[in-house]
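The values are calculated or read from the model by the stated rules, or taken from the named source; none is laboratory data. What you see is a predicted model, and the numbers here were worked out from it, not measured in a lab. A quick note on method: Cβ atoms are made from the backbone with ideal geometry, for glycine too, and the neighbour counts reach across all protein chains shown. To get the accessible areas, we keep the full protein, side chains included, count just its heavy atoms, and leave off ligands, DNA and RNA. Shrake-Rupley method; radii C 1.70, N 1.55, O 1.52, S 1.80 Å.
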Amino acid sequence: MELRQRFPRTANRASQGPVNSEKPRLVVATRNAHKAEEIRQMIGDRFEVLDATAFPDLPEVEETGTTFLENATLKALAVSREVGGLVLSDDSGLEVDALDGRPGVWSSSFGGDEGNHAKNNERMMREMKGVEERAARFRCVMVLARDGEVVADFSGAVEGRILDGPQGEGGFGYDPLFAPEGHDESFAELGSEVKNGMSHRGRALAQVTAWLEQGA
Ligand code: IMP
């Protein structure tokens, strides 16, 4: 089936956003520059990838869901009601077995302040101090929407363990504290190419691109 048929165009969008390219446009429903950059690096040059910062009038989306899928759906739909074309959301987080799966969907405010990675990592180190069981995984759920309707959802995960202390300067969020299975280095040390090749986000996005290519 052709991409056109899967995603019929409609007019009268509140905001069409900037139009800079002949490529099909994918709007990533996030203001998190790190997430958007990783997605941009991975998706290659088939799409023009914009993020929510290109649409200053978009409303803040309250993440009131209790699962990654619920929150990813909320974000994709909220943006897709406002901007034309394909919208992709990413809801992700870190599940730690010794913490009964926390912080999970609340990963970004674990330390008290929304999006404060230093505080999140401090709390993680505090709670994991002296804990022997260190298994953890990153999860990512992505939702594609168009014209205010969900068209598909995808998920990815990467198993690993929580390190005793931060290692490395790269990546973002909990990357300095997370070593993926088979590695002693953290995601922050391994670098973006290695991380993207095995990460929760990379795995979810590989399914997104395969799905898009089927229709193209
Ligand atoms: P969200 O914006 O509600 O999806 O929150 C995602 C949060 O999970 C981020 O703020 C980080 O704390 C954490 N997180 C998600 N993906 C990653 C990653 O790839 N590396 C490190 N932390 C991540």
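Take every Cα pair under 8 Å whose residues are at least 6 apart in sequence, average their separation, divide by the length of segment 92-216, and the relative contact order is 20 percent.
Once the Cα atoms of helix 68-80 and of the chain are each reduced to a long axis, what angle between those two axes, in degrees from 0 to 90 to the nearest 10, is obtained? Helix 68-80 sits at roughly 30 degrees to that axis. Cβ under 11 Å from Pro176's Cβ, Pro176 left aside: what net charge do those residues give with Lys, Arg +1 and Asp, Glu -1? Taking every Cβ under 11 Å from that of Pro176, the sum is -4. Which angle from 0 to 90°, rounded to the nearest 10, does the C-alpha axis of helix 200-215 make with the longest principal axis of the chain? For 200-215 against the chain, the angle is about 20 degrees. Ligands, DNA and RNA are left out, and with a 1.4 angstrom probe the accessible area of the chain is 50 Å² per residue. Restricting the count to DSSP beta bridges whose residues both fall in the chain, what percent are antiparallel, rounded to a multiple of 5? So the antiparallel bridges amount to about 75 percent of the total.
Segment Arg46..Glu127, full-extension length gain: 24.9 nm, with 0.36 nm per residue of separation and the alpha-carbon distance subtracted. Considering helices alone, the calculated mean residue ellipticity of the chain at 222 nm is -9000 deg cm²/dmol, with DSSP H runs of length four and up weighted by -39500 (n - 2.57) and normalised per residue.
Surface composition of segment 2-213: carbon and sulfur atoms hold 47% of the protein heavy-atom accessible area at a 1.4 Å probe. Straight-line reach from Lys75: taking Cα to Cα under 28 Å and skipping same-chain neighbours fewer than 8 places apart, the lysines in range are Lys23, Lys35, Lys119, Lys195. Using Cα centres only, tell me the gap between segment 56-71 and segment 178-216 in whole Å. Cα centroid of segment 56-71 versus Cα centroid of segment 178-216: 23 Å apart.
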